[in-house]
Amino acid sequence: MQLSVAAYPSDTLLEFKTDYCTGFFNGTWKHCCYKHDLHYWFGGTRQEEKLADLRLKQCVANASNDIYAFFIYHSVRLGHYSPLKLSTSWGWGWSKKKNYSPLSSLQKQQLNDRLKMMGITEKLNL
């Protein structure tokens, strides 16, 4: 069943945007940052955030080397402790701010519908 945007509750998924590797140049690992940004867009639990960061580290290591992976991963992790929060912090894509709560089944459906509209068919470990 596919719902129209009007059928969703007031907590709707905002348009996805990315700057890829925030604060770092976009090398052969640019696709890793894109996928990481997708995960930050829709959010979830604190454990899912940690997994997204670890997947970024592994992806960058596979796409380039462990040195870049180390710097990118630790920059992201340190950013969690910064008093200055980016507009693209964990779960930023929802119209109502999400604070490490699991996605509801309706939110997952909304997300899957949006990903299909964006042409993203790979599984994102929801």
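The values are calculated or read from the model by the stated rules, or taken from the named source; none is laboratory data. Owing to the predicted nature of the structure, the values given are computational and were not obtained by experimental measurement. Using ideal geometry, Cβ is built from the backbone for each residue, glycine included, and neighbour counts are taken over all protein chains shown.
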Counting only residues that are assigned to a helix (DSSP H, G or I) and either touching a strand residue (DSSP E or B) at 6+ places or on another chain (Cβ under 8 Å) or on the phi > 0 side of the Ramachandran plot (or both), region 42-67 contains a total of 1
When (1) surrounded by 12 or more Cβ atoms within 10 Å (Cβ to Cβ); (2) at pLDDT 95 or above are applied to Phe24, the one that fails is (2)
Per the filter on region 41-67, residues touching a Gly at 6+ places or on another chain (Cβ under 7 Å) and farther than 20 Å from Lys97 by Cβ are Ser64
Check: Is it the case that some residue within region 103-111 is assigned to a loop (DSSP other than H, G, I, E, B), surrounded by fewer than 17 Cβ atoms within 10 Å (Cβ to Cβ) and of a type in the set (Lys, Arg)?
Finding: no
So, Ser95, is that one among the small types (Gly, Ala, Ser), surrounded by 11 or more Cβ atoms within 10 Å (Cβ to Cβ), without any contact (Cβ under 8 Å) to a residue 40 or more places away in the chain and farther than 16 Å from Cys33 by Cα or not? no
Going through region 68-92 in order, the residues found to be surrounded by fewer than 14 Cβ atoms within 10 Å (Cβ to Cβ), touching a residue at least 40 places away in the same chain (Cβ under 8 Å) and either part of a loop (DSSP other than H, G, I, E, B) or among the basic types (Lys, Arg) (or both) are Leu86
